[in-house]
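Structure record follows, encoded as structure tokens.
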């Protein structure tokens, strides 16, 4: 099925590069989950093939992959290891958005592109304990105060994914004198910046989403790179956020593959053939295929529309719909896969129990389901104002 979505030689080239790393990336997945480790080896393997710069435009020296290209790769990577995919997806998404929407000055973008070409890792640090998800409108408690030669930042960020390996943090802070939020680009070795290893969760245990602490962090004036109207940067539709549902689709694909393989080879002595011949098992497998197809067409359709400059201007809530549809379908797919495999799926040695826990995390990545549904309702009500009144 996935072959339907592979369209270019560039995509095949990068898919082959990932395939060459499959064994190395999957080898430590179980250990990473059990011990809540960060997948350093996988990140270094991806750095070695130039993966962090795939979404940097060609005119800046990168590969220039589109959103569609990115989700194809990220889905594949997630089927190998979800932690690696979600964690590195933020670097791909941040770089893609920065350069597509020219969020910084031309000079800053040109200078930073040289860093991206070195395959650095970057992520935004926006969430805080007191505000929750910034998508809900909370003002950051992290603050920036102007000095004679720059800025002093103090604050405490949570959910800073990939923090153990990030080269740069794009930190949101409240600037009191300007009464607005600014984003500051801070290098990982800047004095006063530290990581507190707080990530202790049941899902996505290897993403290194620890706390970022900033205590009297001094940066130069040029570190203030962005004034967003949105908590994640910019005030535009951002297709690069589709790396999130791509990861959960990859988990669903891995669960499907395991269930199909199990059904074809598992034969209790009470049967004369594998359980794949049983009608109820075929119902589960058929439903899995149906939901995978629905999710995949939704996700890739949204990405294709976004990459088309003519169609993009008509997008409203489609990206959020894709995230909602794919994430919830992925949860159902993993559940069905576990029903096929039965009680064995609950064994700690079985990857399905890890998929089951990991896929749940998608509900808490932005945008959240309730916000998507509310926006859909509001859009429908707004659009109805333009229609004739029916009584």
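Condition first: in a helix (DSSP H, G or I), surrounded by fewer than 20 Cβ atoms within 10 Å (Cβ to Cβ) and either in contact with a strand residue (DSSP E or B) (Cβ under 6 Å, 6 or more places away or on another chain) or at pLDDT 95 or above (or both). Now tell me which residues in the stretch 286-309 satisfy that. Spell out the reasoning first.
Step one: filter the stretch 286-309 for residues in a helix (DSSP H, G or I), giving 286-307, 309.
Restricting the remaining residues to those that are surrounded by fewer than 20 Cβ atoms within 10 Å (Cβ to Cβ) gives 286-287, 289-290, 293-294, 297, 301, 304-305, 307, 309.
If the condition is that a residue be in a helix (DSSP H, G or I), surrounded by fewer than 20 Cβ atoms within 10 Å (Cβ to Cβ) and either in contact with a strand residue (DSSP E or B) (Cβ under 6 Å, 6 or more places away or on another chain) or at pLDDT 95 or above (or both), then 286, 287, 289, 290, 293, 294, 297, 301, 304, 305, 307 are the ones that fit.
For the stretch 85-106, does any single residue satisfy the condition of being in contact with a strand residue (DSSP E or B) (Cβ under 6 Å, 6 or more places away or on another chain), crowded, with 24+ Cβ neighbours inside 10 Å and part of a loop (DSSP other than H, G, I, E, B)?
So far as the stretch 85-106 goes, no, none of its residues is in contact with a strand residue (DSSP E or B) (Cβ under 6 Å, 6 or more places away or on another chain), crowded, with 24+ Cβ neighbours inside 10 Å and part of a loop (DSSP other than H, G, I, E, B).
Out of 259, 263, 255, which single residue is within 30 Å of residue 96 (Cβ to Cβ) and surrounded by 14 or more Cβ atoms within 10 Å (Cβ to Cβ)?
Working: 259 fails: within 30 Å of residue 96 (Cβ to Cβ); 263 fails: within 30 Å of residue 96 (Cβ to Cβ).
The unique qualifying residue is 255.
Would you mind stating whether residue 333 is under 18 Å from residue 295 (Cβ atoms), over 16 Å from the mean Cα position of the chain (by Cα) and crowded, with 22+ Cβ neighbours inside 10 Å? Talk me through it step by step, then tell me what you get.
Values: under 18 Å from residue 295 (Cβ atoms): yes; over 16 Å from the mean Cα position of the chain (by Cα): yes; crowded, with 22+ Cβ neighbours inside 10 Å: yes.
Yes.
The values are calculated or read from the model by the stated rules, or taken from the named source; none is laboratory data. Predicted model, so just to flag it, every value in this text is computed and none were measured. All Cβ positions, even for glycine, are placed from backbone atoms using ideal geometry, and neighbour counts span all protein chains on display.
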